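The values are calculated or read from the model by the stated rules, or taken from the named source; none is laboratory data. Source: prediction; values computed, not measured. Virtual Cβ from ideal backbone geometry, glycine too; neighbours counted across all protein chains shown. These accessible areas exclude ligands, DNA and RNA; they are computed on the full protein's heavy atoms, side chains included. Shrake-Rupley method; radii C 1.70, N 1.55, O 1.52, S 1.80 Å.
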Amino acid sequence: MDCIFCKIISGELPCTKVYEDDEFLAFNDINPQAPVHILVIPKEHREMLSDYGPNDEGLLGRLLAVTTEIARQQKLDHYRTVINCGSDAGQMVFHLHLHLVSGRKLSGQLC
Ligand code: AMP
Ligand code: ZN
């Protein structure tokens, strides 16, 4: 599959890994928008948030829960989480990912 995040999961492309378990992988964003900019992704490929629904509440809940755990491990007190859904919302990589951004004062702009 021609998906850069799936290639990162398989090890075909490198990443700076921050966290990994059976279900999720987190790594540093290659073009960080802040001193801390981590992407948290499910290992299962689905393009975007709108591909998930009520049957996925477990996975979506664990995505947020694992993000709070990563934030604790990184000793982040204040941080922002962003999920872009669709190209007009700024999504460029079509494999669901959550941005975890921290380390500077964040303005009203989202990410
Ligand atoms: P989005 O605009 O929400 O789709 O975010 C995609 C993010 O993926 C951007 O912040 C990119 O900098 C990041 N990105 C793209 N390719 C890589 C890569 N190979 N390793 C790490 N981050 C990447
Ligand atoms: Zn993928």
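See the values below:
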{"item": "Count - residues of region 1-20 that are under 13 Å from Lys43 (Cβ atoms) and not in a loop (DSSP other than H, G, I, E, B)", "result": "9"}
{"item": "Restricting region 1-43 to residues that are more than 13 Å from the chain's Cα centre (by Cα) and of a type in the set (D, E, K, R), the residue that is surrounded by the most Cβ atoms within 10 Å (Cβ to Cβ)", "result": "Lys7"}
{"item": "Residues (within 17 Å of Gly61 (Cα to Cα) and either in a loop (DSSP other than H, G, I, E, B) or within 11 Å of ligand 1 (Cβ to nearest atom) (or both)) located in region 27-44", "result": "Leu39, Ile41, Lys43, Glu44"}
{"item": "Some residue of region 89-101 being open to solvent by less than 70 Å² (accessible area, probe 1.4 Å), of a type in the set (A, V, I, L, M) and over 15 Å from Val40 (Cα atoms)", "result": "yes"}
{"item": "Residue among Leu60, Leu49 that alone is touching a residue at least 12 places away in the same chain (Cβ under 8 Å) and among the aliphatic types (A, V, I, L, M)", "result": "Leu49"}
